[in-house]
Amino acid sequence: MIRVLLAEDQALVLGALSALLSLESDLEVVGGAPDGDAAWELVQALKPDVLVTDIEMPRLSGLDLAARVARDLPGTRVVIVTTFGRGGYLRRALDVGARGYLLKDAPASELADAIRRVHAGGRAIDPTLAAEAWGDSDPLTERERQVLREAEGGAGTASIAATLGLSEGTVRNYLSEAIGKLGAENRVEAARTARDKGWL
């Protein structure tokens with residue numbers, strides 16, 4: 001049996017995934033978590049063979065969760081299942097150690113097959129996204145990404161500086177660099193472009 005843990009913040013989707021995967025004779029759903037922190041606790045306690053996680057979740061994102069699992073519990077393989085069909089997200093997922101990346105509109109049989117393939121040591125990646133992922137490369141540094149995320153939410157320079165523990169001048173420099181790299185007119189447009197590419 002392949003022991004599977006699910007992390008998904010939408011209760012209906014979590015329940016549906018659990019029910020569908022439980023129909024497979026070789027898969028056992030050992031738990032489900034509504035947010036990233038709860039998922040991390042369950043991964044440590046249950047040590048599943050495969051973690052299936054969404055990207056956008058409260059408290060700890062699926063990408064951050066995947067990075068922790070790859071670093072601290074390499075025996076658990078990670079499959080991302082998401083609505084984000086953008087190459088930038090796929091590249092970031094692979095960079096942090098995810099072994100699978102599927103879209104939520106894929107058939108349930110594809111998810112079950114992906115879990116089996118990843119458990120066996122392979123990869124399972126949506127083929128159309130795989131081609132797109134190596135198109136535009138992400139020009140942003142991690143700090144520029146953090147500053148843009150704050151700016152995207154409407155935070156001003158002083159607020160971003162306080163949140164990230166930086167000086168206002170440093171925040172302005174990061175914003176200026178990001179705006180220039182993305183060919184944007186302002187911070188709002190830069191954040192939108194980065195979000196659309198899957199870089200935020």
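The values are calculated or read from the model by the stated rules, or taken from the named source; none is laboratory data. Treat the numbers as computed from the prediction; the structure is a model and nothing was measured. Neighbour counts are summed over all protein chains in view; Cβ atoms, including those assigned to glycine, are modelled from backbone coordinates with ideal geometry. Calculation scope for accessible area: heavy atoms of the full protein, side chains included, ligands and nucleic acids excluded. Shrake-Rupley method; radii C 1.70, N 1.55, O 1.52, S 1.80 Å.
Taking region 50-60, which residues are outside any strand (DSSP E or B) and either buried (at least 17 other Cβ atoms within 10 Å of the Cβ) or without any contact (Cβ under 8 Å) to a residue 12 or more places away in the chain (or both)? Walk me through how you get there before you give the answer.
Going through region 50-60, the residues outside any strand (DSSP E or B) turn out to be 54-60.
D54, I55, M57, L60 - these are the residues of region 50-60 that are outside any strand (DSSP E or B) and either buried (at least 17 other Cβ atoms within 10 Å of the Cβ) or without any contact (Cβ under 8 Å) to a residue 12 or more places away in the chain (or both).
Kindly indicate whether any position in region 69-79 is charged (D, E, K, R), crowded, with 22+ Cβ neighbours inside 10 Å and in a strand (DSSP E or B).
Applying the first criterion (charged (D, E, K, R)) to region 69-79 yields 71-72, 77.
Filter once more, keeping what is crowded, with 22+ Cβ neighbours inside 10 Å: 77.
Now drop any that are not in a strand (DSSP E or B), which leaves 77.
Yes, there is a match, as at least one residue in region 69-79 is charged (D, E, K, R), crowded, with 22+ Cβ neighbours inside 10 Å and in a strand (DSSP E or B).
Just the residues that are over 10 Å from the mean Cα position of the chain (by Cα) and modelled with pLDDT of 90 or more, please, taken from region 48-62. Spell out the reasoning first.
Just the residues of region 48-62 that are over 10 Å from the mean Cα position of the chain (by Cα), to begin with: 48-52, 58-59.
P48, D49, V50, L51, V52, listed by residue number.
Right, D72: out of contact with any Ser or Thr (no Cβ under 9 Å at 6 or more places or on another chain) and under 20 Å from W199 (Cβ atoms) or not?
Details: out of contact with any Ser or Thr (no Cβ under 9 Å at 6 or more places or on another chain): yes; under 20 Å from W199 (Cβ atoms): no.
No: the conditions fail for D72.
I want to confirm something. Restricting to region 86-109 and keeping residues that are assigned to a loop (DSSP other than H, G, I, E, B) and modelled with pLDDT under 90, which single residue is most open to solvent (accessible area, probe 1.4 Å)? Working first, answer last.
Let us first name the residues in region 86-109 that are assigned to a loop (DSSP other than H, G, I, E, B), namely 86, 96-99, 104-107.
Next cut, modelled with pLDDT under 90 only: 86, 104-107.
Working: R86: 70, K104: 63, D105: 133, A106: 31, P107: 70 Å².
Among them, the one singled out is D105.
Would you tally the residues in region 156-181 being farther than 25 Å from G62 by Cα and part of a helix (DSSP H, G or I)?
First, the residues of region 156-181 that are farther than 25 Å from G62 by Cα: 156-159, 161-162, 166-177, 179-181.
Cutting the leftovers down to part of a helix (DSSP H, G or I) gives us 157-159, 161-162, 168-177, 179-181.
Counting residues in region 156-181 that are farther than 25 Å from G62 by Cα and part of a helix (DSSP H, G or I) gives 18.
The rows are residues; the columns are (1) open to solvent by 70 Å² or more (accessible area, probe 1.4 Å); (2) farther than 30 Å from L23 by Cα; (3) out of contact with any Cys (no Cβ under 6 Å at 6 or more places or on another chain).
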position: G121; (1), (2), (3): no, no, yes
position: I125; (1), (2), (3): no, no, yes
position: D138; (1), (2), (3): no, yes, yes
position: E152; (1), (2), (3): yes, yes, yes
position: E177; (1), (2), (3): yes, yes, yes
position: G180; (1), (2), (3): no, yes, yes
position: G183; (1), (2), (3): no, yes, yes
position: R192; (1), (2), (3): yes, yes, yes
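Out of region 17-49, which residues are in a helix (DSSP H, G or I) and open to solvent by 40 Å² or more (accessible area, probe 1.4 Å)? Lay out the reasoning, then the answer.
From region 17-49, those in a helix (DSSP H, G or I) are 17-22, 36-46; that's our starting set.
Residues satisfying the conditions are A19, L20, S22, D37, E41, L42, Q44, A45, L46.
Report yes if some residue within region 119-127 is under 21 Å from W199 (Cβ atoms) and in contact (Cβ under 8 Å) with a residue 40 or more places away in the chain; otherwise report no.
Restricting attention to region 119-127, the residues satisfying the condition of being under 21 Å from W199 (Cβ atoms) are 125-126.
Now restrict to residues that are in contact (Cβ under 8 Å) with a residue 40 or more places away in the chain: 126.
Within region 119-127 (the criterion being under 21 Å from W199 (Cβ atoms) and in contact (Cβ under 8 Å) with a residue 40 or more places away in the chain), the answer is yes, since at least one residue qualifies.
Looking at region 66-94 only, could you name the residues that are in contact with a strand residue (DSSP E or B) (Cβ under 8 Å, 6 or more places away or on another chain) and among the basic types (K, R)?
R77
Quick one: T163 ticks every box in (1) modelled with pLDDT of 95 or more; (2) surrounded by fewer than 18 Cβ atoms within 10 Å (Cβ to Cβ) bar one, so which box is it?
Every listed condition holds for T163 apart from (1).
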